[in-house]
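I have placed the structure first, in the form of structure tokens, so that the comments after it can refer back to it.
The values are calculated or read from the model by the stated rules, or taken from the named source; none is laboratory data. Keep in mind it's a predicted model, so treat the numbers as computed, not measured. FYI the Cβ positions are ideal-geometry reconstructions off the backbone, even for glycines, and counts take in every protein chain you see.
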Amino acid sequence: MCAAGVILLVLAACGDSGSATRHINVSGSTSVSPFAEHLAELYQKQHAGKSINVQSLGSSAGIQAAAEGVAEIGMSSRELKTEEAERLEQRIIARDGLAIIVHPNNPIQNLTQAQVQNLFSGNIANWKDVGGNDHRITLVVREAGSGTFSAFEELMMKGIPNAPSALRQGSNGAIRQVVAEDPNAIGYISIGIVDKTVKALSIDGAQPSIENVRNDTYRFARNFLFVWPKGKQLNPLAQDYVDYVMSDEGQDELERLGLVRVK
Amino acid sequence: MKERIIGLVLAITALAALLALALITFFIFQAGLPLIAKVGLPGFLFNTTWNPTAKEPSFGILPMIVGSLWVTLGAMVIGVPLGLAVTIFLVDLAPERVSAFMRPAVQLLAGIPSVVYGFIGLTLLAPLVRNTLGGPGLSVLTGAIVLGIMILPTIISISEDAIRSVPPALRQGALALGATRWQVIKDIVIPAARSGIIASIVLGMGRALGETMAVIMMIGNSLQLPTSVLDSATTLTSNIGLEMAYASGAHRQALFATGIVLFIIIMVLNGTTTALVRRGLVRR
Amino acid sequence: MMVTTRQQTREASVDRANLRERLAFGAIWVAAILTVLVLLLIIGIILVRGLPHVSLEFLTSAPSDLGRAGGILPTIIGTVVLGFVALLIATPLGIGSAIYLTEYTRETRLTRLIRFGTESLAGVPSIIFGLFGFIFFVDVLKMGWSILAGGLTLALMVLPTIIRTAEEAILTVPLSYRETGYSLGATRWEMVTTTVLPSAMPGILTGVILAFGRAVSETAAVIFTAGTALNMPTSLLSPARTMAVHFYILAVEGISLEMAYATGAVLILTVLIINVVANALVRNVVARRLRA
């Protein structure tokens, strides 16, 4: 047992020696991580031997990981709480609109914000009450703690609780998958990952598009953040990666993927 | 001298499992108990609202307890008869060549990763349930069917041991009295192997109760108290698995507290099995 | 008259018993066939839909675009390394434990306690191991999400499997072997290393292989301890994504159904191979015992 332990430690030490700036951990929001991962892939192609580990764990876990130093950079898709903001430096890397999505065969094209609130709180349980077919509505939401969940609660629901019958899924992709499968489902995901398997509804007449988020016609948008401890110099690789994400090339790429650039 | 040292080292390795169990218990309880102390045990167990991140948070896990109960019982309804049938088949009916193929097949069933089961439930069974029976498809029924299959190896392997250890004299005696083979199985063999069979069922129950990833994929994870098998539900495990990554502060404590509840239930089930097996051995 | 009637009722009841038996046995056959069909269906679907997308390139290249394209090499490496770390820790502990319980002690209160610990540990759900590994290895011991943290967690999880199989394997070594050893003046340890262990080795190996299989298929305990990073792991402190976790993420997030099936196929094949090898070992042992 001891021998095994020693071997492990030695291996760990060898693997780690001199690599202080060869790899970094970027952890947090499942909404941000697909984009951070994509940029990490591009970055690593340009910088051989550097490794950016993007871990999709959730905003709160990411913020905590960054605060505790488990990860160099935390990713968040929700605003920092006051006590978090006191300890952490934050950089807005992009803005992201929240799209309400339904199955492509659903005849509904537009809902008002009040209708959305009534749907997700369970007051309206049949599609015919908002002008659709006579079918029971299947709600699909995120779970408590996720940045997308809090953004939806704040921006769209204004604090009205979700119906307990709502299905809960662990990521944007999982919600898209369930909605794409179920003709009666409605859910919410980042505009950036809406694809042809689902249909995004316009809200109060405004289409969820990058253009409309940028000019504030579509109001349901939140910031994507990178965070790290205040007063602590990022190591060179982490700094270089943040610079890359904020560069024209990085921002172009994020826009191409469906986010709203901040520079 | 050398022998003494070797004996001591071996004794220490033997304590590793016990130490691991102690560490697990300690850290899970340490992380979860503060929350139970804060909201009170009845409030934690019997409140129906789970909203851990609201301005005024609420930490009721009754929906998960009820969800676990439904899904686990459903899995037993499917897994127990099927498992016992296969066991009897293996012991009494199967021709040599068939059982030589069946046994590794059952073992393989145990080796298939739970995420593969979950995937089958998500992509094949859930749409089938939705299109034929209605509801969202991701439901108690979908989860119960797949979990029922997942616990088959546990039920089969342990109850097979129990049935095989029934003394042959008992069977032969009854057959000589003119009973049919089925009557012998039903009235002599199964009652004689009862405690082992119950142990297998209890262990299967523990397995169904403890499964996480497959359940997250299949049952939709809604926070309601289910009223039909076609409703979606959340279990103790699936809620931990779904929210753990996102949790901080009291929310995280509440998930560990959920872990405590799960841990205690499982320990009681394990204790029951051990007691049953021991009783069976003594009686024999 | 009376006699005939009694005989008739008896025949009728025998008929009824025979009919019941036929029905019951029929149902049992159906259940057995159903079980095999379910197994074949699961394996068949994954292999048929997955294998066409599995190629040498798929196995030897890194994923790109979150796994939508490219291969699964880092997840294969992650799985293997994680499994080996777990075995490296659990195997010596498990075998040592088994030797102690079988050769070095009688049934005492302590051994009963140890058996209780082992059995309870075997019943602990993997999500509890995940919670524990997350708080203890990742957080308290500051390993972060890493192969080391995941491997240690898995080691605890597979420990009971190794202990039990090793114990059984050692117990089946005939007593006469030991007596011969002692009569030649061997110490206990010499006996264990020269006679008992070699003879029990195939059985012990089976347990180790099965434990590796459990490590390969595990998700809940791994995802919170080894993390989900898709990069090639570079040290024991790097995070890693195993095949099972990759499969889970591809499937649940709807990233790519094709890639999910392909990864699933590789996963199922790995499990198949592990089971076949373990079975072959067991059969070998049985055959050898019979010959002896």
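Within segment A:159-172, can you find the residues that are of a type outside the set (A, V, I, L, M) and touching a Leu at 6+ places or on another chain (Cβ under 9 Å)? Of everything in segment A:159-172, those that are of a type outside the set (A, V, I, L, M) and touching a Leu at 6+ places or on another chain (Cβ under 9 Å) turn out to be A:Asn162, A:Pro164, A:Ser165, A:Arg168, A:Gln169, A:Gly170.
Taking first residues from segment C:233-254 that are closer than 21 Å to C:Gly144 by Cβ and partners that are in a loop (DSSP other than H, G, I, E, B) and charged (D, E, K, R), the Cβ contacts under 7 Å between residues at least 6 apart in sequence or on separate chains come to C:Ala244/C:Glu218. Answer with yes or no whether A:Asp129 is more than 10 Å from chain B (Cβ to nearest Cβ), without any contact (Cβ under 8 Å) to a residue 24 or more places away in the chain, in contact with a Phe, Trp or Tyr (Cβ under 8 Å, 6 or more places away or on another chain) and more than 13 Å from A:Val26 (Cα to Cα). No: the conditions fail for A:Asp129.
Contact map, segment B:221-237: residues that are in contact (Cβ under 8 Å) with a residue 12 or more places away in the chain paired with residues that are of a type in the set (Asp, Glu) and crowded, with 24+ Cβ neighbours inside 10 Å, Cβ distance under 8 Å, separation 6+ or inter-chain. Pairs shown: B:Asn221/A:Glu143; B:Thr237/B:Glu211. Scan segment A:132-155 residue by residue and report those that are away from chain B (no Cβ under 13 Å) and under 30 Å from A:Ser56 (Cα atoms). Correct list: A:Leu155 only.
Among the β-branched types (Val, Ile, Thr) and part of a helix (DSSP H, G or I): is that true of B:Val229 in this structure? Spelling it out, it is not the case that B:Val229 is among the β-branched types (Val, Ile, Thr) and part of a helix (DSSP H, G or I).
Report those strands (runs of 3 or more DSSP E) wholly inside segment A:174-232 carrying at least 1 residues which are away from chain C (no Cβ under 14 Å), buried (at least 22 other Cβ atoms within 10 Å of the Cβ) and among the basic types (Lys, Arg).
Those strands (runs of 3 or more DSSP E) span A:221-229.
Taking the criterion of being more than 14 Å from chain B (Cβ to nearest Cβ), touching a residue at least 12 places away in the same chain (Cβ under 8 Å) and in a loop (DSSP other than H, G, I, E, B), the residues of segment A:48-76 that qualify are A:Gly49, A:Lys50, A:Gly69, A:Glu72. Pick from B:Pro95, B:Pro81, B:Pro127, B:Pro113: which is under 19 Å from B:Ser159 (Cβ atoms) and at pLDDT 90 or above? Only one candidate passes the filter, namely B:Pro81. Residues being surrounded by fewer than 23 Cβ atoms within 10 Å (Cβ to Cβ) and of a type in the set (A, V, I, L, M, F, W, C) are represented in segment B:226-242 by at least one member.
Among the residues examined, B:Ala16 does not qualify as surrounded by fewer than 16 Cβ atoms within 10 Å (Cβ to Cβ), in a helix (DSSP H, G or I) and within 14 Å of chain C (Cβ to nearest Cβ). Kindly check whether there is at least one residue in segment C:18-27 that is closer than 25 Å to B:Ala105 by Cβ, touching a Leu at 6+ places or on another chain (Cβ under 9 Å) and in a helix (DSSP H, G or I). Yes, that holds for at least one residue. For B:Met205, are the conditions met, namely being under 30 Å from A:Ser59 (Cα atoms) and buried (at least 24 other Cβ atoms within 10 Å of the Cβ)? No: the conditions fail for B:Met205.
Return yes or no: is C:Leu47 over 21 Å from B:Gln107 (Cβ atoms), more than 9 Å from chain B (Cβ to nearest Cβ) and at pLDDT 95 or above? Taking the combined requirement at face value, the residue does not satisfy it.
Scoring C:Leu47 on the criteria (1) of a type in the set (A, V, I, L, M); (2) farther than 30 Å from A:Ala40 by Cα; (3) surrounded by 19 or more Cβ atoms within 10 Å (Cβ to Cβ) leaves a single failure, condition (3). Cβ-Cβ distance below 9 Å, separation of 6 or more or different chains: which pairs start in segment C:96-119 with a residue that is within 16 Å of C:Leu175 (Cα to Cα) and facing another protein chain (nearest Cβ under 8 Å) and end on one that is crowded, with 22+ Cβ neighbours inside 10 Å and among the small types (Gly, Ala, Ser)? Within 9 Å, the pairs are C:Ile99/B:Ala14; C:Ile99/C:Ala166; C:Leu101/B:Ala14; C:Tyr104/B:Ala14; C:Thr105/B:Ala14. When segment B:67-90 is filtered for residues that are without any contact (Cβ under 8 Å) to a residue 60 or more places away in the chain and at the interface with chain C (Cβ under 7 Å from one of its Cβ atoms), the ones remaining, listed by number, are B:Ala85, B:Phe89.
Restricting attention to segment C:162-187, the residues that are within 11 Å of another protein chain (Cβ to nearest Cβ) and either at positive phi or β-branched (Val, Ile, Thr) (or both) total 3. With the structure loaded, tell me whether B:Leu93 is more than 10 Å from chain C (Cβ to nearest Cβ), surrounded by fewer than 21 Cβ atoms within 10 Å (Cβ to Cβ) and more than 30 Å from C:Phe212 (Cα to Cα) or whether it fails that test. Against the criterion (more than 10 Å from chain C (Cβ to nearest Cβ), surrounded by fewer than 21 Cβ atoms within 10 Å (Cβ to Cβ) and more than 30 Å from C:Phe212 (Cα to Cα)), B:Leu93 does not qualify. Listed conditions (1) more than 12 Å from chain C (Cβ to nearest Cβ); (2) surrounded by 17 or more Cβ atoms within 10 Å (Cβ to Cβ) are all met by B:Ala54, apart from (2). What about B:Val39, is it within 23 Å of A:Glu153 (Cβ to Cβ), hydrophobic (A, V, I, L, M, F, W, C) and touching a residue at least 12 places away in the same chain (Cβ under 8 Å)? In short, yes. Taking segment B:121-144 as the range and being crowded, with 24+ Cβ neighbours inside 10 Å and either facing chain C (nearest Cβ under 10 Å) or on the phi > 0 side of the Ramachandran plot (or both) as the test, the residues that pass are B:Leu122, B:Gly137. Where helices (runs of 4 or more DSSP H) sit wholly within segment B:131-208, those with at least 1 residues that are touching a Ser or Thr at 6+ places or on another chain (Cβ under 8 Å) occupy B:140-150, B:152-164. For segment C:165-196, enumerate the residues that are surrounded by fewer than 18 Cβ atoms within 10 Å (Cβ to Cβ) and either closer than 20 Å to C:Pro92 by Cβ or touching a His at 6+ places or on another chain (Cβ under 9 Å) (or both). Answer for segment C:165-196, where residues must be surrounded by fewer than 18 Cβ atoms within 10 Å (Cβ to Cβ) and either closer than 20 Å to C:Pro92 by Cβ or touching a His at 6+ places or on another chain (Cβ under 9 Å) (or both): C:Glu168, C:Leu171, C:Arg188, C:Trp189, C:Glu190, C:Thr193, C:Thr194.
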